[in-house]
1. Which of the peptides B:276-282, A:223-229 is most tightly packed, and how do the rest follow, judged by the mean count of other Cβ atoms within 10 Å per residue?
2. At a 10 angstrom cut-off on C-beta neighbours, averaged per residue, how do the peptides A:190-201, B:159-170 rank from highest to lowest?
3. With label points built 7 Å along Cα→Cβ from the Cα atoms of residue B:102 and residue A:315, find their separation and express it in nm.
4. State the extension gain, in nm to one decimal, for the chain segment bounded by residue A:226 and residue A:63, taking 0.36 nm per residue of separation less the distance between their alpha-carbons.
5. Contour minus end-to-end for residue A:107 and residue A:174, with contour as 0.36 nm per residue of separation and end-to-end as the Cα-Cα distance?
6. Cut-off is 10 Å between beta-carbons; in what order do B:77, B:149 appear when sorted fewest neighbours first?
7. On a 0 to 90° scale, report how tilted helix A:6-18 is relative to the longest principal axis of chain A, with both axes built from alpha carbons and the result rounded to the nearest 10.
8. Using the basic label-point model (7 angstrom from Cα toward the beta carbon), what is the residue A:35 to residue B:116 distance in nanometres?
């Protein structure tokens, strides 16, 4: 595998650091949780069944929530007879909203979407999905429903606008940027991940976070004879000391973990190759046939597309045995 | 009942109004047509789609004496949205069953208002054919439906004074539907004056979604709550005309005692914190966390009946 220059990795680190700018603006989230991956289903409220176009928007939003949660937040789906419900109604618990949510996790939730044509002080509510060709000034019902499902998940409002959050205080009207956003924003996902953990060990950590990582590192042998091979293994996880304790220690799979070496006593690391994902979550391995004695480490550069900090492992010296002397403990050939 | 001590929720920043105390500008009633005096309590034809015609002799829709707070026994009233087959709200329908057993159905525009039954009648308002609004009264006794007055602006809500029968009317103005303030109209005296100036939202408040009028328990102080998408501003009009503005962030209005304004926290859905805002200082404290519904009772010492995930219970404001 072609070695990668340290300069490139330093640049990657800098790019990773740039992501930190979003940190600390994580969407607020309630402490009252659903269970991890809990399937929460809703029905249409009997006397307030949404019209077809609104049902499609709501079910689309549930799918958007499931797809973009990137965490073990609740999974949503529509099923007749469920305890939770969604209503299409002129009257909501508040007079000042186009849609509304009430949650009683981990039991039930209620969501209301206001009727198309309802009149507020400022004017008439128009849902874009009502039209074949949506006019400017309409609200996207699917985005509004996703916003309400965000409340169902426990998310509160934030001053961070789209695309970083769909929980922006004010619903946006066409054609403002983000009026029809289909995914939770990075800072929404950050909140869900800190509350519910990553969906899988391979799930990308939100760029709205900036989590430390740690790398464990081991070698199958610390000395070898010429022609022999050594297998290095590494374990990448979220650092134990991160503030978001629910994520602390969680393994990270599918990342780029590099095996690096330097001459004994040297200061410059050279990448020998990328370690391959092993079977266990967060594990990586690479077998090499060293051509000399080196110090080795595993290295994880802060990725540009994730809210993770880089880390390097402890250093292991692997020595080439010279001459015909008997192989000592840990030798491979 | 919750036992933990209330916590401080918000302290106004030094140098800011905590709440601002503003004198209501007693403006001339520029938006009120003086039609009002002439048509007050007069009979007028029912709007299209309204209930059965009534004879003028029956149709004196005056409020019953004070103490008749909620209408007559045996009556009922519902307001429902009227939807097209595609689910568009194309109007509203006011259904009333009178004490005499008559069922009345009144077709309303979507941009309309229906008040709570009071004094044996229901006040409602809707757009008039001239582009303004008309305020009407429907008797829960006879079913009589009379036009009280017509205004040039769009009437969003009406509240009757329990003290003298004056109507406090909130309007929006012009094509942009800016807040038009609250005008007090005294049909008996033939007078009209703006008692609460138009609400001018701060830049970060956004547009006004809804405005609610409500009386304090004493029936003397009028609460005018203007709500945007994120939070509300509540203005209290004292009997002497003083206007207090409470812009401590809060949400939906619950009630008003002599000392406190009860409201939900700025609305992020429910459950939400329930706040008691000191009427003198504007400082809010949390009365209860995670409240779904709240109702203020002022029949005796003020108390709050709240619904939380733990069930329904009573707390003191």
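Bear in mind these aren't lab numbers, they're just calculated from the coordinates by the rules spelled out. Given the structure is predicted, the values throughout are model-derived calculations rather than measurements. Cβ placement follows ideal geometry from the backbone for every residue including glycine, while neighbour counts extend to all protein chains displayed.
1. Details: B:276-282: 18.3, A:223-229: 15.7.
Taking the mean over residues of other Cβ atoms within 10 Å, the ranking is B:276-282, A:223-229.
2. Values: A:190-201: 23.3, B:159-170: 19.9.
Ranking the peptides A:190-201, B:159-170 by packing returns A:190-201, B:159-170.
3. A separation of 9.8 nm, rounded to one decimal place.
4. On the way: separation 163, 0.36 × 163 = 58.68 nm, distance 5.65 nm.
So the extension gain works out to 53.0 nm.
5. Details: separation 67, 0.36 × 67 = 24.12 nm, distance 3.48 nm.
Result for the pair: 20.6 nm of gain on full extension.
6. Working: B:77 18, B:149 27.
Result, fewest neighbours first: B:77, B:149.
7. 30
8. Modelled inter-label distance: 4.2 nm.
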